[in-house]
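Taken together, the values in this text are just the output of simple stated rules run on the coordinates, not laboratory data. This is a predicted model, so every value here is computed, not measured. Cβ coordinates were reconstructed from backbone atoms using ideal geometry, including for glycine residues, and neighbour counts include every protein chain displayed.
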Amino acid sequence: MTAFPAGTILGYPRIGRRRELKKAVESFWAGRSDQAELERTAAELRATTRARLAGLGLGRDDSSIPESFSFYDQVLDAAVTVGAIPARFDDLRDEDGTIGLGAYFTVARGEGERAPLEMTKWFDSNYHYLVPEIGPETTFSLASEHLVAQVAEAASAGYITRPVIVGPVTLLALAKASDDAPEGFDPLSRLDDVLPVYAALLAKLRAAGAQWVQLDEPALVSESLPADTAALAAASARALAVLGGASERPQIFVAAPYAALGSTLEVLAAAPIEAIGIDLARGDVPAALPALGGKTLVGGVIDGHNIWRGDLDAAFTKLEALRALGAGAVSASTSTSLLHVPHDVDDETALDPRLVSWLAFADQKVGQVVTLAQGLAEGRDAIAEALDAASAALADRREAPGVRDGAVREHAFAEAEFSRVPYEERESAQQALKLPALPLTTIGSFPQTGDIRRARARFLRGELPEDDYDDFLRREIDQVVALQEDLGLDVLVHGEPERNDMVQYFAEHLDGFAVTQHGWVQSYGSRATRPSILWGDVSRPAQITVSWAAYAQSLSVKPVKGMLTGPVTILAWSFVRDDQPLGETANQVALALRDEITDLEAAGIAIIQVDEPALRELLPLKAADQADYLDWSVRSFRLATGGAAAGTQIHTHLCYSEFGVVIDAIRALDADVTSIEAARSRMEVVADIARFGFDHGVGPGVYDIHSPRVPSVEEIESLLRRAVDELPLSQLWVNPDCGLKTRAYEETVQSLRNIVEATRRVREDVVVPA
Ligand code: GLN
Ligand code: ZN
């Protein structure tokens, strides 16, 4: 058996430098290509990745290259590998019980009446995983050997790679109880049943040539999962005793990314495994190390979460500190998979070279790891030049114009800026809006059609003059407003055709941001976003959204919602400067939005939505850090909206359904109306809202926009009735789960019609005529 490599990464982007996987997968879904073609593209991508990583300095045959490909999601991969798909998909299995690629995608995306797996955010990242459903009846078996095949594929090309799979504890800890499970059922109770399948997988990986396997166990660092730290540590001890005790297996590397491991490090240190990965970008070097029994300690010192080149010297110092604490073998790694960063900064030819010199995307981070590994082997002097260059870039960034010299630094914050008048006063002022019971609205965006994308692309290439592009967008708004009037919605939107992305659009219109050309990162499945880089002081040089909102309002007597993205979400979905507290940056963004709201009001917009879908996602994994986060995040929202008049109805939208976790924060946002996701979880959240006594307006989504499926009138009606049963009528709004931009018009219109009809039926029963 070979030693753990001196330098590695926990995972590499899977979508391809030019989003090749997205294109291939979507063309397969659309029936334009067959499975063989998709498999071929995927194999090419994996081959390109291995060659690229080897070219950047990772060893071809020392297990330093991770085998971390996924067609859709790594949690789904693990669930499918152990055969844990919900019973409603059982008929999609092959005769021998295995789960093929077609079935895999159906579990991810749903089909007809079969709802897909729920989707939620992966730890504190903007990546979404599919939530496995596990019950007492779930049968575990090795139902997919895709990972084994990938190791063999690498071997036949002359590589010894390191397969990566979500570990058993994290798989179960992230799962939800299946529908047929008894009340209070804990998926983690199935640990002993799933372990033999993992053991069988390990044996096959070994037989295929794997020297090392990486089990990702981020659940061990989280303090915001249903299972507590002690339960997770105990489960981990149990799992590793079984897997480590297996006779035929590769050496086991357990990675615990996304935060500090805490006392669970002792559990891993005592387990019969060979290497442990800890996150040293988020966590500090521990004060002392438990006895490691010869295990390699893999220091995640290069931040996998952010794109800054960072302090390489400090990273190396952390690795030296681990050695000084008595860790025999120390390796250098990224703190997390590089899934969260774009491929290569060298692709960004349009960015200011000075900014570029401060950045490190995936390929540059691989280079950093390789440098650190060399330093570990040959000593600090051997890499002194690289360390100095990184330090010089950091110093340059500190002094560069725009970083710390905005007028925004002179703003003297007054406490009154963070509050509006009491809700009751606002509620009565907002009666002037004359909305019906169960007001119908949407979350903001309408489908981004091929036409819209093409027009934008032509405008950006300079082929379409700005006036013509603006005209085109106005025609688009005309149609969207007419459609909503025709459907009978109560609060309209302009549809956001001018926005490529809800954060990037603001980034492009605010100072302090830079926008990349190819900086895509996977959001979920085939979807990717292109985060902007928030590098300097933020300010608003001119109005951003006002003309579009005002134009849409001029087309209708019904209120049109102004549509802004909140400070927390702008931060969460950008790559944010790491040289000052996030709260300070958030307040700079908030002041810009505050001015925008004043301008919207002046233009006659009476309802303004400030989206904060990322509020939950940035919540630190450690309980001790959460209060501070919730404080600054809520305050930034309140600063943004605090200048609105009593009669202006402030909406917010949150993109998830775990209302309970951040209920106090949601309450503290003090938005007049909050829309949330609820369709996939069948309105479970409504019970939470009722239980927590949340008394502002709330719109639990009745249409899952993440799936191409059209919900029936009856289905929506039953969701609505459930909501009406649990919450006062006066509080409820009716809306989809999220924006419609990723959907096609056909399914959108049908779904909205069904929503309107379902609402009509419910109104008929529950609204007492005046
Ligand atoms: N207003 C945005 C839209 O409708 C909100 C999207 C989101 O929350 N992700 O697209
Ligand atoms: Zn949303």
5 angstrom amide H check on residue 359, placed H, neighbours 5+ away: 309
Most positive-pole-ward Cα, 637, 402, 413, against dipole of the chain from beta carbon charges: 402
Relative contact order of the chain, pairs being alpha-carbon contacts under 8 Å that are 6 or more residues apart, as %: 12 percent
Cα-based helix-to-principal-axis angle, 384-399 vs the chain, degrees rounded to 10: 20 degrees
Anisotropy class of the chain from Cα gyration tensor, a/c 1.5 cut: prolate
Cα extents of the range 128-208 along the three principal axes, largest first (Å): 51, 27, 17
For the range 357-429 versus the range 564-591, the gap between their alpha-carbon centres in whole angstrom: 11 Å
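Filter the GluC sites (Glu not before Pro) in the range 242-350 to those in DSSP coil with at most 14 other Cβ atoms within 10 Å of their Cβ, and list the result.
248
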In degrees, nearest ten, helix 20-29 long axis to first principal axis of the chain (Cα): 60 degrees
Karplus-derived 3J(HN,Hα), 6.51/-1.76/1.60, for each residue of the range 222-237, Hz, glycine and proline x: 8, 10, 10, 9, x, 7, 8, 4, 5, 5, 5, 5, 5, 4, 5, 4
Positive minus negative residues near residue 761 (Lys, Arg vs Asp, Glu; Cβ under 11 Å): -2
Count, lysine Cα pairs under 21 Å in the chain, 8 or more residues apart or across chains: 11
Exposure proxy ranking, count of Cβ atoms within 10 Å, fewest first, for 32, 50, 691, 426: 32, 691, 426, 50
Angle between the chain longest axis and helix 745-766 axis [Cα atoms, degrees, rounded to 10]: 60 degrees
Rg(Cα) / (2.2 N^0.38 Å) computed for the range 292-347, rounded to two decimals: 1.29
Other-chain or far-sequence residues with amide H under 5 Å of residue 653's (modelled H): 610, 611, 612, 675
5 angstrom amide H check on residue 562, placed H, neighbours 5+ away: 607, 608, 609
